[in-house]
1. Stretch residue 567-residue 579 to full length: gain in nm at 0.36 nm per residue minus the Cα-Cα span?
2. Subtract the Cα-Cα distance of residue 624 and residue 521 from 0.36 nm times their separation in residues, and report this length gain in nm to one decimal.
3. 222 nm [θ] for the chain, helices only, -39500 (n - 2.57) per DSSP H run of 4+, per residue, to 500?
4. Give me the one-decimal Kirkwood hydrodynamic radius in Å for the chain, with the sum taken over alpha-carbon pairs.
5. For the pairs 179/521; 365/432; 255/389; 176/204, note any where the Cα-Cα span goes beyond 32 Å.
6. Assuming R0 = 25 Å, what is the FRET efficiency of residue 607 and residue 32, from their Cβ-Cβ distance, to the nearest 0.05?
7. Under the classification rounded if a/c is under 1.5, otherwise prolate if a/b is larger than b/c and oblate if not, where does the range 411-488 fall, given a ≥ b ≥ c as square roots of the Cα gyration tensor eigenvalues?
8. Please compute the net charge surrounding residue 243, taking Lys and Arg as +1 and Asp and Glu as -1 over other residues with Cβ under 15 Å from its Cβ.
Amino acid sequence: MDLMGVLMGYTIDIDTGGTFTDGFLVRDGDARTVKVPTTPHDLTICFLECIAAGAKAYGVSTEDLLYDTDIIRFSNTIGTNSIIQRDGAKIGLIVSGGMEELAPTEDAEGKSPLVAPDMVLSLTEETDAAGNVVKAPRDGEILMAAQALIDRGARGLVVSFANSELNPANEQLVRKVIKREYPRDYLGSVSVFLSSDISTRAGKTERLNSAVLNAYIHSKLARLLYKAGEDLRQRHYRKTLFIGHNNASVARVAKTRAINTYNSGPAAGLLGAREIGALYGINNLISTDMGGTSFDIGYVKDGQASYALEPDVEGFPCNLPMMSILALGTGGGSIAHIEDGELKVGPQSAGALPGPACFNLGGSKPTVTDANLILGVLDPDFFLGGSMKLDVVKARDVIGRTIAEPLGISVEEAAWRIKQTVDRAMGAAISKVAENFDDGVEPVVVAYGGAGGLHACDIAAASSVRKIIMTPFSAVSSAYSSSLMDAGHLYYRRAGVTLSPDAAGETIDRAVEAMWQEAVKDMRGEGFDESELSTELQLFVRPAGGDRETMIAVEAGFYKDAAGFDDVITRAIQALQDDGISVDGDIELTTVALMAQAEVPHYRLPELPEIANDVEAAVKSKRQLYSGQSGDYVDCPIYDRDRLGRDAVIAGPGLVESEKTTILVPEGWKMTVDKFNNAILEEV
């Protein structure tokens, strides 16, 4: 099916955050954005409410909208939240003898471990360092271990053996024996997850953690996503539900591994930031996403999005590569508190429920949003375009009792200090991320998130950044960025050879052919023909005998050309040196990955017409804005974002409001609306 050729209906992109669920819908270039409260107890509820809000924005019924929708892409926090909250499935872990101590049976933060200590058993088996099976586990021992773990309450079994990345035969044997005893069509069946299926890279602990995390969140994620798909079908949606992955692609539920969804929303946001930078020829930038719960930072260096080969997933080292996002516990819902006489903000968040005190939903702790309301940054009658009223009295009361009185300061000063604490901490974080760039490079910040515009300039002022770009969709930027993602799959094959034409050429060719055949089959299931696929190779390299790796992206057929191979070797050496890894001798190719994608239509920012601009005509009112420098409120003009045309310039102090977010332009800063309707914020 040629999806490119038949798309004429709606496209829907949804991203769930800790506080709000965002939607970005398009039909015939007409984009609409919606925002609804996240329902943490069941994310399929806010998923459907977001679609219903989108239908209302177009003036159609939900059923009519879905019937005429060609693609839905969904990035969610189900797996991430499950890991944080420790409410995943009870896992039984089967390992090689001697690997028991590697199991994640303890947690330094005092949370419940991913695997209970009594849920780890070992088998007698061995695969040597060359990938040869020395001893296979016995059927009887396998079944005894499986039955013992099931009797102890296991709802999923993970098998992780030493050296299985070199040869998965023993792990595959364990699964075969268990499935023969507990076939899928019986009630006693349990899912069996192999570490060799999740990762083919070296690292016992990292492979084990990756497999355990995947199993831990699998059942909850599968249940909710299949429910979301069924809910859509009952409302006349006829196409595939695509799930956002943390490698910047989307795939159907049946071809989604749970671990692939971790941080998928922020990963989409980083991809969108890169696309925004490309509009201006900017190859070095920092992306910041400030929502209700967290502040996520990524970066693009020389056009390449930040990437982690060994990511830390909520404190657990893994070796499944994914786009790298630094998540800090600071957002609009972050709770302010006094600790040892000092003001602290976060990482605890009020989330969507009960939310900040001013939401009037039962929240009783002071948050950043409460502070912004007191300062006059937020309009109590125009939050989310007036769809949600904020309670100033409750905000003042909670900040007064818990922050102002203990510190012996006014409520306004307490609110100012809360905002200042957040801005300075985030500014320091951005300065730290900026160290990834070469000397002399001044990165631009692409700021987004529902709370991004309230803090962007003051955060930048506390860092080394002096220019910010904000799209008109910044409040729903991860959902907007999801609309830029193509359907795709990423495959890995172990190589373990010297990177040279003689030693690696045949190995790469065999690996690519096997992965290509797998990709063709999978993408056909997504609705795409072989002719629609594009591919890119990723090579994981390290100095021979070394342990630190670097990844480089290369053209799929480079190994068929001697000059192309020489160029890749040169690039590999340079990439290793750029990462501070010395190269003295041969380079080892440890792993080959193939990314296969099929393009689906992307929304493109239209250019605004050149018309006369009366900035003063966009002023809809004035509001008292608290200034920490003067210790008093000052009159501040409020601009209607929708009435600011191309080349409009605003000098701070000023507030720019839209139905989804507010941008604070402080004194000493200016905001310009450019031809793409993006807001360019610069220090004067």
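Every number in this text was worked out from the coordinates using simple rules, so none of it is lab data. Since this is a predicted model, take the numbers as computed values, not measurements. Here the Cβ is made from the backbone with ideal geometry for all residues, glycine too, and neighbour counts use every protein chain on show.
1. On the way: separation 12, 0.36 × 12 = 4.32 nm, distance 1.85 nm.
Gain on stretching residue 567 to residue 579: 2.5 nm.
2. Details: separation 103, 0.36 × 103 = 37.08 nm, distance 6.11 nm.
Value of the extension gain: 31.0 nm.
3. On the way: 16 runs with 209 residues, N = 684.
Value at 222 nm, helices only, nearest 500: -9500 deg cm²/dmol.
4. On the way: mean 1/r = 0.0375 Å⁻¹.
Final number for the Kirkwood radius of the chain is 26.7 Å.
5. Numbers: 179/521 24 Å; 365/432 30 Å; 255/389 42 Å; 176/204 22 Å.
Checking Cα-Cα distances, 255/389 exceed 32 Å.
6. Details: r = 19 Å, r/R0 = 0.78.
Efficiency, rounded to the nearest 0.05: 0.80.
7. Numbers: a/c = 2.56, a/b = 1.28, b/c = 2.00.
It comes out oblate by the Cα gyration axes.
8. Working: positive: 73, 220, 223, 227, 239, 252, 255, 257; negative: 13, 15, 230, 231, 486, 522, 526.
For residues surrounding residue 243, the net value is +1.
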